[in-house]
Each structure stands twice: as structure tokens, then as C-alpha cells.
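Each remark here refers to the structure printed beneath this line.
The values are calculated or read from the model by the stated rules, or taken from the named source; none is laboratory data. A quick note: this is a predicted structure, and the numbers were derived from the prediction, not measured. Here the Cβ positions follow ideal geometry from the backbone for every residue, glycine too, while neighbour counts run over all protein chains shown. Only protein heavy atoms, including side chains, enter the accessible area calculation; ligands, DNA and RNA are left aside. Shrake-Rupley method; radii C 1.70, N 1.55, O 1.52, S 1.80 Å.
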Amino acid sequence: MPRLKVVLMGSGALACPLLEGILREGKDELAGVVTQPDRAAGRGLRCAPCELKRLAESRGLPVWTPERAGDPSFVAQMAERAPDVIVVACFGQFLKEDLLAVPRLGTVNVHPSLLPKYRGASPIQWALANGERETGVSVLYVTPKMDAGDVLAQERMAIGPEETAATLEPKLAAKGADLLGRVLDGFREGRTQGVPQAESEATFARKLTKEDGRVDWRRPADEIRNRWRGFSPWPGAYAFLPGGELLKIHGMTVEAGREGAAPGEVIEAKGEGPVVAAGEGAVRLTAVQPAGKKVMPGAAFLCGHRLAAGMKLE
């Protein structure tokens, strides 16, 4: 069975297991990796390579870091490599038709959702935030329209009630690596037929912003908790204490509310953490981080802060 020449394009944590999977299987040639240029990060704002670039370099693979994947010079470089397949995972740029036309068998995307649901930049986060009980991974052809190509393979996964974006992403990444392996097997065997997506069922998972992490106490308690699950670790969940001090929230449970309590009102300031009224029900803050402090249990926070029933969080 002929070996395929594969180029991997990605930047997020989802791409690293794909690289490892291709090398581990040894069935195909990984001809190189394309990722984002080094970006300033950390307190010193020093330029640092992304996780995928570090991994690729440690494996001795060629790495390209174009500012724009659509630049003619980069497209020419890819054409010189003559890949059979380009694999994309969380690359963060739209790919134009001239680049998509380079690989002999096409460009495929490993996307962590059950397409056509949750097309876009943050499918894992929004599936959790919306309270979905099931998600999965899709491998699809890349087309000029975002995440709209024919689906080559798809696999489902249940979402546990305690799952967060931080715990769910690596599970989907591992599943994506296995699914990609099966798709590449199909390419080598001449099976490349995809299934069109139902456009009427498409939903969009927009990119998150810092403001998405601010708790809206008018929402129902279970919705507040789902958004915290989806937005962990970034942008996280946060609110403001009386007086305006920032309070990051690292853990919460859904509790019974109290009739007449206004959204954001502290209805209990004892036990395992403060209980705060929501639009429906309430949430107990079981792990928090006051400004300038480390993460602490909700009970420890109450010991050191004068938070009392009747006060309000914004």
C-alpha cells in the first residue's frame, strides 16, 4: 500500500496528538508542519513558539510559520513539497483555493464537534456552555466556506456532567488522532467519498472574548455553571465583589435558590463557600481566587473576607 506524503497545519493542542499519531503509525511520511509565527507571551512578553512547533522541532521535522498562509510565496513552497494530503487542526486562518488545490487528494480538517453543529473557532467551549450531553470529532474536506465541506468520518463522545473544556479537549484530541488515521487509511485504499453536511442544521461557535467569562447572574444557575465549564480555563468565570474587587471563580455547584433573592445576591455566606442567587436557583462558589491571591476553597475565602448574606456580586 503506497505511503502518503502529509503536511500538518495547526496551532492548538488538538494538533499535537495528530502529529504523534502519524509518526507512531509509521504508515505515511509527515513532510512538515505549518504553524503560527512565534508570539509574545508571559510577563516578559518574550516571543515563544507554540506547543506544536516545539514538538515538531523535537522530532526533527521541517516547520513553516507564515504570517499569512495565502501568500503566493508560501503556496509555492507547499507546491514544491507536493503533499498528497494537507491536514488542518485549529490553524486559525482561512485557507484560500490556491493552497487547497496543492495536495493531490485534498485538504482535510480535524474538527472537535459533530458537524454541522458548532462550526467555528470554539466548538468545545460552546458545546459545554450550551449544556450539550454529547459531542465528537469530524474529519472533513476543507472548502472556502468555514467548516462546511463534506464529512469523511465522524465519531461521537458523551460529555460527563463534571467535564470542562480543559478536560474534554485532550480526550477529543486523542479521538481525532484515531479518526484521522482511519481517514488516511481510506485515502491509501482509494476511499475518499465524503458526505455533504445538512446546511439547515448548521450552528456557529464564535471565538470567545474576555467578556464571555463575566457571570451574568440573571441566567439560570445550571446555565451559569455550564458556561463556567465551557470557559475553563479561558476566559474562565469571574465577578466583582462589593467595592469592585475582581473575584475569579474556579469551582461552583448548583444549589436551591431563595424566593425573593435578587440575581447576584449572596443568600448564604457559610459552609463550603458563598451561595449566590441566580435568575433561577443559585450557585455555591466552591473555589475562588481574589485579586492578587492564589486559588482557595470557598470556605477559606469566607474566613478571610467580610462577605455577608444580603451583599451583592456584580
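Dipole of the range 175-314 computed with +1 at Lys/Arg Cβ and -1 at Asp/Glu Cβ about the Cα centre; of 193, 176, 291, farthest Cα towards the positive end is 291. Accessible area per residue for the chain is 48 Å², calculated with a 1.4 Å probe on protein heavy atoms, without ligands, DNA or RNA.
Can you tell me the dipole magnitude for the range 208-261 around its Cα centre, using point charges on the Cβ only (Lys, Arg +1; Asp, Glu -1), in Debye to the nearest 20?
Numbers: 9 positive and 8 negative charges, 24 e Å.
Value, rounded to 20: 120 debye.
Tell me the mean residue ellipticity at 222 nm calculated for the chain from its helices only (DSSP H runs of n ≥ 4, each -39500 (n - 2.57), averaged over every residue, nearest 500).
Working: 8 runs with 81 residues, N = 314.
Value at 222 nm, helices only: -7500 deg cm²/dmol.
Simple rule: put +1 on each Lys or Arg Cβ and -1 on each Asp or Glu Cβ in the chain, find the dipole, and look at 301, 202, 115; the Cα lying farthest toward the positive end is 301.
Measuring from a point 7 Å past the Cα of residue 270 along Cα-to-C-beta, which residues in the range 277-297 have an amide N at less than 17 Å? Of the residues in the range 277-297, 284-285 have backbone N under 17 Å from the label point off residue 270. When the chain is treated as a GNM with alpha-carbon contacts under 10 Å, the residue of 195, 254, 108 showing the greatest mean-square fluctuation is 195. For the chain, the equivalent ellipsoid derived from the Cα gyration tensor has semi-axes of 43, 21, 16 Å, listed largest first.
Taking label positions 7 Å along the Cα-Cβ direction at both residue 178 and residue 54, the computed distance is 2.7 nm, reported to one decimal.
Helix 72-81 and the longest principal axis of the C-alpha atoms of the chain enclose an angle of approximately 60°. Relative to the longest principal axis of the Cα atoms of the chain, the long axis of helix 15-25 makes an angle of roughly 50 degrees.
Over every Cα atom in the range 103-154, the radius of gyration and the widest Cα-Cα span, Dmax, amount to 11.5, 40 Å.
Two-decimal Rg/Rh of the range 65-133 from alpha-carbon positions, Kirkwood Rh?
Details: Rg = 14.8 Å, Rh = 13.7 Å.
Reported Rg/Rh, Kirkwood definition of Rh: 1.08.
Taken over the alpha carbons of the range 124-200 as equal point scatterers, the Debye sum produces base-10 log I(q)/I(0) values at 0.13 Å⁻¹ of -0.46. What shape does the range 6-119 have by the C-alpha gyration tensor, where a ≥ b ≥ c are the square roots of the eigenvalues, rounded means a/c under 1.5, and otherwise prolate means a/b greater than b/c and oblate the rest? It is rounded, given that a/c, with a ≥ b ≥ c, falls under 1.5.
What you get for the chain, charging only the Cβ of Lys and Arg (+1) and of Asp and Glu (-1), is a dipole of about 700 debye around the Cα centre.
How do 50-57, 65-72 rank on mean C-beta neighbours within 10 Å, highest first? Could you put the intermediate results ahead of the total?
Numbers: 50-57: 19.6, 65-72: 13.8.
Per-residue mean Cβ counts within 10 Å order the peptides as 50-57, 65-72.
Between the Cα long axis of helix 221-230 and the first principal axis of the chain there is an angle of about 40°, rounded to the nearest 10.
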